[in-house]
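**Q** Structure provided below as structure tokens; questions to follow.
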Amino acid sequence: MTSVRAHTRSAAIIAAVVALDRLTKLYIVAKFGPFDTYAVIPGIFNIVHSENPGAAFGMLAESGPWRSYVLVGVSLVVMAVIGVLLWKPRTPNSALTQVALALVLGGALGNMWDRLFRGTVTDFLQVFIGPYEFPSFNAADSAITIGACVLALDLWRTRDRSDASRQFGRN
């Protein structure tokens, strides 16, 4: 795939993730009061409205006023690294790696938007596995998680191929 097509695909994925994230969060804020809960599958899956001032799983939520600066700063560094990996010429990324990185970047941008313009990140998906309640999350978090899993699988798959090539004397 040409570089232009790969970049266009990455930009489209990033834009789609940010748009989906913004639309779902705007809907939740408009239609659900704080801490409202709607049971989609009772005991398994709820739609909720929670505002997370911290990082993933509420980490740093109780920290001081520096919390926002740290979270925005770390996010900007991570997004810059991913941007370089996606758009740097001659970076040997597979198509799967590019999709994974675009998902992570789109999710990071979606959450960054909330953090910059609202001071908190809106979470609305709540999942239970037996007695365990997974922390509430949103579309951006889902994109980041899916992208990270796809990236790990692609790196593992690529590593296995390169290990096999070395084992049989091919490079």
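**Q** For residues in region 77-118 being modelled with pLDDT of 85 or more and of a type in the set (Val, Ile, Thr), which is farthest from the chain's Cα centre (by Cα)?
**A** Looking at residues that are modelled with pLDDT of 85 or more and of a type in the set (Val, Ile, Thr), I get VAL84.
**Q** Output the number of residues of region 20-76 satisfying the condition of being modelled with pLDDT of 90 or more and either in a helix (DSSP H, G or I) or of a type in the set (Ser, Thr, Tyr) (or both).
**A** So the count comes out to 15.
**Q** Can you say whether ALA12 is among the small types (Gly, Ala, Ser), modelled with pLDDT of 85 or more and surrounded by fewer than 13 Cβ atoms within 10 Å (Cβ to Cβ), as far as the supplied structure shows?
**A** The answer is yes for ALA12.
**Q** Also, quick follow-up: Looking at (1) in contact with an Asp or Glu (Cβ under 7 Å, 6 or more places away or on another chain); (2) farther than 22 Å from ILE41 by Cβ; (3) surrounded by 22 or more Cβ atoms within 10 Å (Cβ to Cβ), find the lone condition where LEU96 falls short.
**A** Only one criterion is unmet by LEU96, namely (3).
**Q** Yes or no: SER142 of a type in the set (Gly, Ala, Ser), at pLDDT 90 or above and in a strand (DSSP E or B)?
**A** It is false that SER142 is of a type in the set (Gly, Ala, Ser), at pLDDT 90 or above and in a strand (DSSP E or B).
**Q** So which residues in region 117-134 are surrounded by 10 or more Cβ atoms within 10 Å (Cβ to Cβ), of a type in the set (Phe, Trp, Tyr) and under 24 Å from ARG22 (Cα atoms), if there are any at all? Don't jump to the end; show me each part of the working.
**A** Initially, region 117-134 is screened for residues surrounded by 10 or more Cβ atoms within 10 Å (Cβ to Cβ), giving 118-128, 133-134.
This time we only want the ones that are of a type in the set (Phe, Trp, Tyr), so: 124, 128, 134.
Listed by number, the residues that qualify are PHE124, PHE134.
**Q** So, of the residues in region 111-127 that are of a type in the set (Val, Ile, Thr) and in a strand (DSSP E or B), which turns out to be nearest to SER50 (Cα to Cα)?
**A** Applying the filter and picking the extreme gives THR122.
**Q** Identify the single condition in (1) modelled with pLDDT of 95 or more; (2) under 20 Å from PHE35 (Cβ atoms) that VAL121 does not satisfy, given that it satisfies every other one.
**A** (1)
**Q** Determine the pairs where a residue that is under 20 Å from PHE35 (Cα atoms), located within region 135-151, has a partner that is in a helix (DSSP H, G or I) and basic (Lys, Arg) with Cβ atoms under 7 Å apart, the partner being 6 or more residues away or on another chain.
**A** Partner pairs satisfying both residue conditions: ASN138/LYS25.
The values are calculated or read from the model by the stated rules, or taken from the named source; none is laboratory data. Because the structure is predicted, anything quoted here is derived from the model rather than measured. Cβ: placed from backbone, ideal geometry, glycine included. Neighbour counts: every protein chain shown.
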